[in-house]
Amino acid sequence: MKQKHNLIKAGILTASLLLCGTGSIAVETMRVHAAEIAESSADSSEITYLYTVEDLLTMADNPSGNYVLMRDIDMTGVNWIPFTFSGILDGNGHALLNLKVTAVGEETADTYDGNMKVYDTSLSGLFSILRDATVSNLTLLGLDVSIETDKPCFIGGITGLLENSSITDCTINGTLSLMAHDRMFGVGGIIGYGHGLIENTSADVTLICIDTDAATRDEQFLGGACAAGYPDINHCTVQIAGYDSDHGYVHNGGLIGMYMFYPAGKTYYGSMTHNKVTGRITFFEDNTNRRAYCKDFVGEIVSWDFLNGSNTSDFVRDERFEYDKNLLPHTCAEPTYTDVVTEPGCDSFGYTLHTCNGCGYESYDCYTLKQHKITDWTTVKEATIEEHGLEHGECELCDYTEDRETPLLPPPAETLQPSASASLSVDALSEEVQAKTGSKLPLLPILGISAILLFGLVIVVIKHKGRQ
């Protein structure tokens, strides 16, 4: 278990030879890229361990905290509102299942298009903004981000906006859908917009971006890792199924929609190496002044200062020229599905596969937590009225073992005692006699007299019934 997070500095040192025409002098330029990832030197007492949905929800109350996820958590039915996070989240190899996000975060931020126009932008994802933050070793399985807005907006799997933050050793699986129309918007599989580090991370994503206003010529961005910005992307794997319906200007890339530095005058030397992209982006650009950027790695490159190498792709650029129908993963107007449920195993999550009976489109959802098969439990310690018991079980399918507590035994039944009301009634009778006669009637004679009177009453009742 990692107990301390030390400051990490990553540097890329490059030397480039610039030739200034025929017979020009060779000029050696040294650029140093030093990206400081915000990590605190927190000790174990400062770490918050996350076990439940409730624990995850409390992160919003302390968004600069240091968190470690301790188990897989099913997020089905959770009303998750993304927020700005500036702390550390170590997924610890665990997964969040079935996370659904339908809201943008409260904080907006400035984003820039290729002409350095600035937009006040809404943001969404697991987080709305990562600012000086670290997210690592986390899996999002069955993610569903679905946003409809009339404002500039970017959405991403981990975050809508990345600011001087790192995402490493993460996995994103799911669907992200954005319906918007105001000037500038985009969808990214890992992040929506920004700069920072994305490394050793995989995304298997379906991305849907729909321009809802044919009259407005907007700027639209879609990318398997990032929609727009200048993040360093290294050793990542992207499987993308993109669907972009736009009436403005399209910037689509298997890795990143548009690579650009911002704000105006920004200098930087980035890195985009050892990445693998597979899949297809299906799109249309309903615009007479066409751009139609769509490539396997970067749709449009505005800023060229970055290290680019050892990237591979198996990518299809699929442009359509019918603009009256939005492009979607399924093609049936009224699809019906056949569902197949796969049960979870010891090391695998369960899920439901939906197959369209018309077009054959397949989708996965309803993921279920891993589950061991333990049917026999051996008593290790018997429970008592003061201490819990203990049972031990072994999985029938693997070497997993588990111990569980058994409940306390109930206390023994209490001995029946004379009621307080009966004692009080006898005492009251004795006190009443004492008040009238001046002497207290002994308790035993009172009980004897009461018994004789009761016996006489029973005899009278029996004789009366005999006469009838």
Got a sec to turn the phi values of the range 348-360 into Karplus ³J(HN,Hα) couplings, 6.51 cos²θ - 1.76 cosθ + 1.60 with θ = phi - 60°, whole Hz, x for Gly and Pro? 9, 7, x, 6, 10, 9, 9, 10, 5, 6, x, 9, x
Report ³J(HN,Hα) in whole Hz for each residue of the range 185-190, in order, from the Karplus equation J = 6.51 cos²θ - 1.76 cosθ + 1.60 where θ = phi - 60°; Gly and Pro get x. 6, x, 10, x, x, 10
Counting only DSSP beta bridges fully inside the range 257-406, the antiparallel percentage to nearest 5 is 60 percent
Skipping prolines and chain starts, which residues have an amide H placed within reach, meaning under 5 Å, of the one on Y293, given they are 5 or more residues away or on another chain? V250, N252
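Is the shape of the range 189-270 best called rounded, prolate or oblate, per the rule: a/c under 1.5 gives rounded, else a/b larger than b/c gives prolate, else oblate, with a ≥ b ≥ c the square roots of the Cα gyration tensor eigenvalues?
On the way: a/c = 3.18, a/b = 1.25, b/c = 2.55.
Here the range 189-270 falls in the oblate category.
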As an exercise, use a Förster radius of 41 Å and the Cβ-Cβ distance of M70 and A214 to find the FRET efficiency, rounded to the nearest 0.05. 0.25
Using the Karplus equation 6.51 cos²θ - 1.76 cosθ + 1.60 (θ = phi - 60°), what ³J(HN,Hα) coupling, rounded to whole Hz, does each residue of the range 397-405 give in order, writing x for Gly and Pro? 9, 8, 8, 5, 10, 8, 10, 9, 7
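Per-residue counts of other Cβ atoms within 10 Å, averaged by peptide: what ranking do you get for 217-226, 130-139, 397-406, 272-281, highest first?
Details: 217-226: 29.4, 130-139: 22.7, 397-406: 12.1, 272-281: 20.2.
Highest-to-lowest ranking by the protection proxy: 217-226, 130-139, 272-281, 397-406.
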For Y400 paired with A60, estimate the spin-label separation in nm (one decimal), with each label point 7 Å from Cα along the Cα-to-Cβ line. 3.1 nm
Residues Y361, Y323, sorted so that the one with the fewest Cβ neighbours within 10 Å comes first: Y323, Y361
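What net charge is computed for the residues neighbouring T216, neighbours being all others with C-beta under 9 Å from the C-beta of T216, Lys and Arg scored +1, Asp and Glu -1?
Details: positive: R183, R217; negative: D182, D211, D213, D218.
Value of the local net charge: -2.
None of the figures in this text is laboratory data; all of them are computed from the coordinates on show. Here the structure is a predicted model, which means the values were calculated and not measured. Cβ coordinates were reconstructed from backbone atoms using ideal geometry, including for glycine residues, and neighbour counts include every protein chain displayed.
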